[in-house]
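Okay, structure first, notes after.
The values are calculated or read from the model by the stated rules, or taken from the named source; none is laboratory data. The shown structure was predicted, so the numbers you read here are calculated from the model rather than taken from an experiment. With ideal geometry, Cβ positions are generated from the backbone for all residues, glycine too; neighbour counts draw on all protein chains shown.
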Amino acid sequence: MSAHEAKVGARRRWAPSTGPFSTARGMLPLLVVSVFLFALPILMLIVGAFRNAPPGQAPAWSLEAFARTYGNPDTFLALGNSALLAVSSTLIGVSAAIVLAFLVTRTTTPLRRLVTPAMVLVLALPPLFYALSWGMLGNPVIGLINVAWTNITGAAEPLFNAESWAGLILVTALKNAAFAYLLLIGPFSALDRALEEAARVSGAGRLRTLLGIDLVVLSPAMLGVGILSFVIGLEAFEVPLLLGTRAGIDVFSTEIYSHIADRTPADYGAASALSMLLILIVIVLVLLQWSLLGKRQYTTVTGKSFRTERWDIGAWSWAGTAFIVAYLSLAIVLPLLQLVLGSLQPVFGGSGALTVVAYERLFADPATPRALLTTFATAIAGGLGAMLIALTIVYALTHNETRLRRWIELLTWLPYAVPGVVLSLGLLWTYVSIPGLNRLYGSIVLVALGLVVAVTPVATRAIQPAIMQLNRELEEASRVSGAKPWATVRRIVVPLILPSFLAGWFVVGIVVSGNLAIPILLASSRQTPTVPMRVFELYSEGRTPQAAALFVVFLSVILLGFLLASGAVRLLSAAARSRRAASEGEPLTRDASSRAGDSDGTLATATTARRRGEPS
């Protein structure tokens, strides 16, 4: 292909669309929906901080909530605890992620191929899984780690207590490491080996090359990931709720929750005032990231002799292997082992043969089937709703060149920038304050709506690559053939992105099913319990084996769903490839090019025109 043809093709691919979202007027309905779903809860949260009345009651406007909240020393103690947890978990998690990314992308360390799939699994597992499993693992008397330590050494003192600062930081860092790794693996993979060779020729050793060249060039990526990890640590809720509160460690998110759940009557004004400070801190951190990285240039991929060969680090590869084994043991193997063993004990930590008594008691409780049914119905419906909204938003953004697209894109990021407990509080203010919608409070519908809002940023990022990969020629060929815009989307775009849509639906469904922060404030524990809510209740009541058994059942169903979803995606991907191959081999006939709305004929038109270098 010549340079001129490449430019023409690029212009044709990104040419302004003539579809329903091509104009500012066409984007207005989507903007209104985005404002209602994503911006209104944040606005109502701010308004609620100045109301001296619960949601749904006549307001008495005042600043009394701010004076009461920020005049309390416990507020700043919780803020300091959140900062300590965020800083510690970020330093440990990002450092572990940097080491693992280096071992996987730059060295020949054994077991390196296990790291990326394991990190995806760690990221997909709900935070409540880690809180529960490590709460059992690190029990100072009967936890698996401390029992093994006592049997081996005979020591009277426990080795590790999960309900402490050490446990809180370790568990949060294990989760953060997976997030940081998946963001860093791309920049590490793209690092040019020629830069390292230039340093070696100048006399620098490998360690100096790593510290003085590689890490300096990668500093923007590491700094950005560090700031995001700090925000995640600052917003942590599930792990501090289960492990921190029992040790008397309150962070900002649990302090917000306690103002609603542990006060009679609930202090919504104080919770909203606290939430505003957390939102302000997150905004400042994002602006700081922009100011630090906005004008810097760090080029790592060049067009001349670009190479990414691996280092042979000799005996250090075994140290790297040991580090990989240690992380995978702490993040996956030990938590799963403890969860399964704990579910097979009639009394957690008791002696005797393993039994299924906990499972029998669990399913004898009528709340268990209801929680499972509610959770998976919410995951399926909420995941589908989020993916449909994300598909509409991404398709509109890629077919519009007006300024409104930037505002809509920014609005979709808002739920990701606030903690789940803060978002759920904003949703509570929104739906309880609007007449007619206040009847949804405590229902599964409101929980599903809240979860859709919370996971739409994830869904948007899941479907965006598939939409971006579609060449605009396919849609243009369909319109030339006479198909209407919505018929083109339904018969051309949707079939081609269906495998990615289903994969994203499954991932988003997992995130929905494991969320505790949204249902714990929006759902009724008696009418609409979810699995995370039920696990939290069982663990809080001391019925630890039943809580573990419920999570084992929950994870087993997710694993079964993963296998079914993987099979479906593979079949659909194979069908899409076969259809594309058949269309490329079909001659461009008058009948084939004139079938309005027929996807095979449209694909044939587009692909044949592309081969000939002709416009579609």
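Go through the range 390-407 and report how many residues are surrounded by fewer than 20 Cβ atoms within 10 Å (Cβ to Cβ) and within 16 Å of L37 (Cα to Cα). Working first, answer last.
Start the filter on the range 390-407 by keeping residues that are surrounded by fewer than 20 Cβ atoms within 10 Å (Cβ to Cβ), which leaves 392, 398, 401-403, 406-407.
Still in the list and also within 16 Å of L37 (Cα to Cα): 392, 407.
Selection size over the range 390-407: 2.
For the range 499-533, which residues satisfy the criterion of being surrounded by fewer than 19 Cβ atoms within 10 Å (Cβ to Cβ) and at pLDDT below 80?
Hits for the range 499-533 are S524, S525, R526, Q527.
Out of N139, N146, report the one residue that is crowded, with 17+ Cβ neighbours inside 10 Å, outside any helix (DSSP H, G or I), over 21 Å from the mean Cα position of the chain (by Cα) and at pLDDT below 90.
On the way: N146 fails: outside any helix (DSSP H, G or I).
Answer to the check: N139.
Kindly provide the set of residues from the range 35-49 that are farther than 14 Å from S424 by Cα and either touching a residue at least 40 places away in the same chain (Cβ under 8 Å) or buried (at least 21 other Cβ atoms within 10 Å of the Cβ) (or both), ordered by number. Quick ask: steps written out before the conclusion?
Let us first name the residues in the range 35-49 that are farther than 14 Å from S424 by Cα, namely 35-36, 47, 49.
Listed by number, the residues that qualify are V35, V47, A49.
For the range 496-546, what are the residues that are outside any helix (DSSP H, G or I) and either hydrophobic (A, V, I, L, M, F, W, C) or under 21 Å from P457 (Cβ atoms) (or both)?
G514, N515, L516, A517, I518, A523, T530
Looking at the range 532-557, I want the residues that are closer than 18 Å to P335 by Cβ and have a partner that is aliphatic (A, V, I, L, M) and assigned to a loop (DSSP other than H, G, I, E, B) with Cβ atoms under 6 Å, at least 6 apart or on another chain. Which pairs are those?
These pairs meet every condition: P532/L516.
Is it true that G26 is over 20 Å from L521 (Cα atoms), surrounded by 14 or more Cβ atoms within 10 Å (Cβ to Cβ) and at pLDDT below 85? Even if it seems obvious, please write down each step before you answer.
Details: over 20 Å from L521 (Cα atoms): yes; surrounded by 14 or more Cβ atoms within 10 Å (Cβ to Cβ): yes; at pLDDT below 85: yes.
Yes.
Hey, could you check the range 423-443 for residues that are modelled with pLDDT under 85 and of a type in the set (V, I, T) and say which is farthest from A53 (Cα to Cα)?
Restricting to residues being modelled with pLDDT under 85 and of a type in the set (V, I, T), the top hit is I434.
Output the number of the condition that V87 fails; it satisfies all remaining conditions of (1) touching a residue at least 40 places away in the same chain (Cβ under 8 Å); (2) surrounded by fewer than 18 Cβ atoms within 10 Å (Cβ to Cβ); (3) more than 30 Å from P187 (Cα to Cα).
(3)
Would you mention how many residues in the range 436-463 are surrounded by 18 or more Cβ atoms within 10 Å (Cβ to Cβ) and within 26 Å of I408 (Cα to Cα)?
17
Could you tell me which of the residues A459, A454 is farther than 30 Å from P54 by Cβ, at pLDDT 85 or above and part of a helix (DSSP H, G or I)? Reasoning before the result, please.
Working: A454 fails: farther than 30 Å from P54 by Cβ.
Going through A459, A454 in turn, the sole match is A459.
Quick grid of which residues meet (1) surrounded by 14 or more Cβ atoms within 10 Å (Cβ to Cβ); (2) more than 28 Å from the chain's Cα centre (by Cα); (3) under 30 Å from T528 (Cβ atoms):
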residue	(1), (2), (3)
A331	yes, no, no
P335	yes, no, yes
L339	yes, no, yes
F348	yes, yes, yes
A353	no, yes, no
E360	no, yes, yes
F363	yes, yes, yes
P369	no, no, yes
T374	yes, no, yes
